[in-house]
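**Student:** So that we are looking at the same thing, I have put the structure below in structure tokens.
The values are calculated or read from the model by the stated rules, or taken from the named source; none is laboratory data. All of these numbers come straight from a predicted model, not from anything done at the bench. Don't worry about glycine lacking a Cβ; one is built from the backbone with ideal geometry, like all the others, and counts go over all protein chains shown. What goes into the accessible areas is simple: the full protein's heavy atoms, side chains included, and nothing from ligands, DNA or RNA. Shrake-Rupley method; radii C 1.70, N 1.55, O 1.52, S 1.80 Å.
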Amino acid sequence: MGAKHVLASAMGLAALVGCSADPQPEDGATPTSPASTSSPTSPAPTTPAATAPTTPGAPATFDTAAAMAHIRVLAGRIGPRLATGPAFREAARYVETQLRAQGYDVRRQPFPVPAGDSWGVPVDAGRSFNVVATPSGFDAGSPYRIVGAHLDTVAVAPGAEDNASGVAVLLELARLAATDGTQLPTVLIAFGAEEPRGTGDALHHFGSMAYVREMSKTERASLRAMVAMDRVGVGALVPVCLGRGGNPRLRDELLALARRADVAASICAGGYNESSDHWSFEKGGFDAARVGGTSYAGYHSASDVPSVVNRRQLDRTGRLIWAWLRAR
């Protein structure tokens, strides 16, 4: 892909932060051991991460230790996950293993990705794919929801916060849903190629654009709402965002649920955001929102390692989205 040859020159991008940043401060990220940032060539485990035992009859709860274990695999052992490269495919196999272990039907949805610029690194054209998980017996003709998180990174970033954090919460939600069920059936998607390959909307979030483009009439008619989790492990508040002109109904529902669940949350900085996978669904006419997006120093850089991620913020996000999935 050409990324290795220009890694050193791209490291100077470490100070950049995203335009969708929420100005809230971080509240004490938990350091990880040196093993959590080992070589990306190390093999990733293929067995599910350990989770806290559930007492029979007791409701399942979000497990931050399990979420952090997923982050250490994706951003520590695997590392940068360019959407068209072998590390992305390794990460996808890990995610697929986790989801199948919880009883989901899992498929890949391939699509082309153009050549371009991955945050200062020239990259070749190629193919990527979404990992799509549906609960057993899923009927696309009945009302359902989608929760997604992008699995890829820019060429130089291990992507602990952007976006192993979102994928880790997705995998924990998969466990909770498999254990206790959700109000509506929920499709879980690890999107490929969310990260840009140039400027402008046409060179961004390729995976979610492909997903929306290929939805059947039945799927379109039955989808009630979509939430994208993107950068959900930094900060003291959970940002909730819409695209410009999006329907505020879902945003307001999430914020109301946050208050009931005692989760600190707020409308994102600037009031709207169009730089993640929710935007593809909004453009497709669906109610959609982004959760996450607080600014941090390691954005799109080699410094985006597991120690950046704050367990308490993962817990806030996980509890909020779980409350939404359980709500009527």
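**Student:** Across the stretch 213-237, what is the number of residues that are of a type in the set (D, E) and closer than 21 Å to E274 by Cα?
**Tutor:** Counting residues in the stretch 213-237 that are of a type in the set (D, E) and closer than 21 Å to E274 by Cα gives 2.
**Student:** Would it be correct to say that D277 is among the acidic types (D, E), buried (at least 20 other Cβ atoms within 10 Å of the Cβ) and in contact with a Phe, Trp or Tyr (Cβ under 8 Å, 6 or more places away or on another chain)?
**Tutor:** yes
**Student:** Also, quick follow-up: Being in a helix (DSSP H, G or I), under 21 Å from L237 (Cβ atoms) and open to solvent by less than 10 Å² (accessible area, probe 1.4 Å) is the filter here; which residues of the stretch 280-323 pass it?
**Tutor:** Once the filter is applied, which keeps residues that are in a helix (DSSP H, G or I), under 21 Å from L237 (Cβ atoms) and open to solvent by less than 10 Å² (accessible area, probe 1.4 Å), the stretch 280-323 yields Q313, L314, T317, G318, L320, I321.
**Student:** Okay, moving on. Are any of the residues in the stretch 250-260 within 30 Å of R77 (Cβ to Cβ), of a type outside the set (G, A, S) and either within 15 Å of the chain's Cα centre (by Cα) or open to solvent by less than 10 Å² (accessible area, probe 1.4 Å) (or both)?
**Tutor:** Looking through the stretch 250-260, none of the residues is within 30 Å of R77 (Cβ to Cβ), of a type outside the set (G, A, S) and either within 15 Å of the chain's Cα centre (by Cα) or open to solvent by less than 10 Å² (accessible area, probe 1.4 Å) (or both).
**Student:** Just the residues that are in contact with a strand residue (DSSP E or B) (Cβ under 7 Å, 6 or more places away or on another chain) and either more than 24 Å from S275 (Cα to Cα) or of a type in the set (D, E) (or both), please, taken from the stretch 158-192.
**Tutor:** Result: A174, A177, L184, P185.
**Student:** What residue, of D262, D252, is without any contact (Cβ under 8 Å) to a residue 40 or more places away in the chain, of a type outside the set (G, A, S), part of a loop (DSSP other than H, G, I, E, B) and farther than 20 Å from P196 by Cα?
**Tutor:** So the residue among D262, D252 that is without any contact (Cβ under 8 Å) to a residue 40 or more places away in the chain, of a type outside the set (G, A, S), part of a loop (DSSP other than H, G, I, E, B) and farther than 20 Å from P196 by Cα is D262.
**Student:** With the requirement that a residue be open to solvent by 20 Å² or more (accessible area, probe 1.4 Å) and either assigned to a helix (DSSP H, G or I) or of a type in the set (G, A, S) (or both), what does the stretch 229-245 give you?
**Tutor:** A236, G245 - these are the residues of the stretch 229-245 that are open to solvent by 20 Å² or more (accessible area, probe 1.4 Å) and either assigned to a helix (DSSP H, G or I) or of a type in the set (G, A, S) (or both).
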